[in-house]
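First comes the structure, then the notes that go with it.
Bear in mind these aren't lab numbers, they're just calculated from the coordinates by the rules spelled out. Not measured: the values here are computed from a predicted model. With ideal geometry, Cβ positions are generated from the backbone for all residues, glycine too; neighbour counts draw on all protein chains shown.
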Amino acid sequence: MFQKDVASFDDMSNLPASLRTDLDRQYTLGRLRQIKRLVSNEGETEKYLFGLSDGNTVESVLMRHDYGSSACVSTQVGCRMGCVFCASSLGGWVRNLTPGEIYDQVLAIRRSTGADVQRVVIMGTGEPLDNLDHTLVFIRNITADYGLGISTRRITLSTCGLVPEIGRLANSGLGVTLAVSLHAPNDDLRNRIVPVNRRYPLAQLIRACGEYTLRTGRRVTFEYALIQGLNDAPGQANALTELLRGLNCHVNLIPVNYVPERGSTPPDPVTVRRFQEVLELKGIPVTVRREMGADINAACGQLRTVASSQRAASSRHRHHRHSRGSEWYR
Ligand code: SF4
């Protein structure tokens, strides 16, 4: 199941026939159904729409790098976190994925492309820490000898900042790379961009990240989506350096991807560079993320369920005209 990707118990020819019949009677061996595959212009990113057994759909992405292939997997159908720049929560939360459904996204991508997936980023639709139990089982299976044997160091889990669950993840002993979607240097602004900040404000979040680095020895990555006119000013870069002072971390600046109904616009390259320099001057390791797959809406914050795509399409006209202004403040 986990390595050979068999489609049915019947294919397990190393098992006695009677056992296969018993297994078939008592268990289901589900597989995702590939509905759509989009390949980006440059051919290095592929986005998949997979059908689940109950008729829901999820998206996953394959990214080919010089150093190997990464699969970006979803953990929920929809999302209830409501981050304002993100397409994934437009249709709301529908349900959690099972550990098998998360795992099968990796297998289905391998099946479709033959790619040898060496890294996994848990950054697709959904908040993985809002489905932590299933996500932990998935990580244990995919890193196990009986699984694909992917090192936990090559697994990155991205969260919008559920503080108690960051503690549970630290205690799990898995030591995966933690990536936190920060996007703002103060509570006022973050409350508006990442609503979960109202429950777990920055002071608590940063403390939890510090504890994560202490317990796991891993450096935390902070994702900061730069949005024109909202969080891209030099003063905000300064405030960010204050917030992260003394923390073993790395900042990933992501000029935001365009999501029409969210009204997000990326800053110009000079503004991005200026922001980066402020962080560099204070000695904070920082990179600007290279954009992959934006032409097929496979980039960060652009994944969505079919239901949300349809809903978004119907509201697009309404929002599109105002896409630069008040949109962010709803
Ligand atoms: S950024 Fe992540 S947590 Fe926030 S709404 Fe999108 S999928 Fe959910």
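Summarised as an ellipsoid, the chain has semi-axes of 35, 23, 18 Å, derived from the eigenvalues of the Cα gyration tensor scaled by 5 and square-rooted, with the largest first.
Quick check: from the Cα gyration tensor, does the stretch 7-124 come out rounded (a/c under 1.5), prolate or oblate?
Values: a/c = 2.58, a/b = 1.43, b/c = 1.81.
Here the stretch 7-124 falls in the oblate category.
Can you list the chymotrypsin sites (Phe, Trp or Tyr not before Pro) in the stretch 82-154 that are in a DSSP coil and have 15 or fewer other beta carbons within 10 angstrom? Working shown, then result.
Values: sites: Phe85, Trp93, Tyr103, Phe138, Tyr146; in loops: Phe85, Tyr146.
Answer by residue number: Tyr146.
Rounded to 0.05, the FRET efficiency of the Lys4 and Arg198 pair, given R0 = 35 Å and the Cβ-Cβ distance, is 0.15.
Rounded to the nearest Hz, the phi-derived 3J(HN,Hα) couplings of the stretch 246-252 under the Karplus curve 6.51 cos²θ - 1.76 cosθ + 1.60 (θ = phi - 60°) are x, 8, 7, 8, 9, 10, 10, where x marks glycine and proline.
Here the chain carries DSSP beta bridges of which approximately 45% are antiparallel, counting only pairs with both residues inside.
In the stretch 48-183 the Cα-Cα distances spread across 10 Å bins starting at 0 as 12, 47, 35, 6 percent of all pairs. Each residue of the stretch 206-219 was assigned a 3J(HN,Hα) from its phi angle through the Karplus expression (A = 6.51, B = -1.76, C = 1.60, θ = phi - 60°), giving 5, 4, 4, 5, x, 5, 4, 5, 5, 6, 9, x, 9, 6 Hz with x at Gly and Pro. Taking amide H as placed 1.01 Å from N in the peptide plane, the amide H of Phe222 sits under 5 Å from that of Val180, His250, Val251, Asn252, each at least 5 places away or on another chain. Amide H to amide H distances under 5 Å link Trp93 with Cys79, where only residues 5 or more positions off or on other chains count and H is placed in the peptide plane. Across the stretch 49-62, rounded Karplus estimates of 3J(HN,Hα) from the backbone phi angles (6.51 cos²θ - 1.76 cosθ + 1.60, θ = phi - 60°) give 10, 10, x, 8, 5, 8, x, 6, 10, 9, 10, 9, 9, 10 Hz, Gly and Pro being marked x.
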